[in-house]
1. Filter the stretch 74-93 down to residues that are on the phi < 0 side of the Ramachandran plot and either modelled with pLDDT of 85 or more or not in a helix (DSSP H, G or I) (or both), then give me how many there are.
2. Return the residues of the stretch 75-108 that are without any contact (Cβ under 8 Å) to a residue 12 or more places away in the chain and in contact with a helix residue (DSSP H, G or I) (Cβ under 8 Å, 6 or more places away or on another chain); say none if nothing qualifies.
3. Could you please give the count of residues in the stretch 146-163 that are loosely packed, with under 11 Cβ neighbours inside 10 Å and at pLDDT below 85?
4. Output the number of the condition that residue 183 fails; it satisfies all remaining conditions of (1) over 18 Å from residue 51 (Cβ atoms); (2) modelled with pLDDT under 90; (3) surrounded by 12 or more Cβ atoms within 10 Å (Cβ to Cβ).
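The values are calculated or read from the model by the stated rules, or taken from the named source; none is laboratory data. On a predicted model such as this, the values are computed, not experimentally measured, just so you know. Using ideal geometry, Cβ is built from the backbone for each residue, glycine included, and neighbour counts are taken over all protein chains shown.
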């Protein structure tokens with residue numbers, strides 16, 4: 001009885017194998033008939049939007065300065081190496097800031113809110129305050145350009161410390177996050 005069962009099982013397996021091989025004319029799904037066609041390569045489209053941000057105005061309000069900083073950051077990636085964005089920072093903050101180290105990607109419109117700085121005012125400054133930016137962050141890029149999505153239902157708060165010095169330079173950013181911030185379109 002065992003011998004008959006083995007024979008039937010072997011015959012069944014052989015039939016299944018033959019049916020499978022004939023059903024698939026090519027085991028790898030490659031075409032085995034028809035003419036060879038040559039296709040022209042598709043030209044890559046380079047449609048970009050370039051920005052031309054303006055530097056800070058001496059009499060600008062603190063919220064306007066932080067918004068201008070946000071508006072200037074995309075130009076740093078595109079063309080100017082963050083030249084205009086650095087104009088919104090103090091000299092020491094500009095020297096220590098690397099816009100390419102990371103980036104937050106956000107959706108929607110950021111909300112800029114001024115609040116008092118309860119910590120001590122930096123030496124050489126008349127006054128200081130904080131502008132807090134509320135963002136709906138959808139992801140981040142690391143220094144290698146690897147994108148990591150985040151829970152987009154969470155609102156992130158990014159604080160910026162601004163100091164006011166004597167004229168001609170008014171408010172400038174001293175406390176900024178490392179990296180860049182980009183809006184998702």
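1. The initial filter retains those residues of the stretch 74-93 that are on the phi < 0 side of the Ramachandran plot, namely 74-80, 83-93.
In the following step, the residues that additionally are either modelled with pLDDT of 85 or more or not in a helix (DSSP H, G or I) (or both) were identified as 83-90.
Counting residues in the stretch 74-93 that are on the phi < 0 side of the Ramachandran plot and either modelled with pLDDT of 85 or more or not in a helix (DSSP H, G or I) (or both) gives 8.
2. Kept after step one, since they are without any contact (Cβ under 8 Å) to a residue 12 or more places away in the chain, are these residues of the stretch 75-108: 80-81, 83, 86, 91, 94-96.
Hits for the stretch 75-108 are 83, 86, 94.
3. Residues flagged as loosely packed, with under 11 Cβ neighbours inside 10 Å and at pLDDT below 85 within the stretch 146-163 amount to 3.
4. (1)
For (1) at pLDDT below 65; (2) part of a loop (DSSP other than H, G, I, E, B); (3) within 30 Å of residue 133 (Cα to Cα), each residue gets a yes or a no:
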{"residue": "17", "(1), (2), (3)": "yes, no, no"}
{"residue": "27", "(1), (2), (3)": "yes, yes, no"}
{"residue": "35", "(1), (2), (3)": "no, yes, no"}
{"residue": "39", "(1), (2), (3)": "no, yes, no"}
{"residue": "42", "(1), (2), (3)": "no, yes, no"}
{"residue": "51", "(1), (2), (3)": "no, yes, yes"}
{"residue": "59", "(1), (2), (3)": "no, yes, yes"}
{"residue": "64", "(1), (2), (3)": "no, no, yes"}
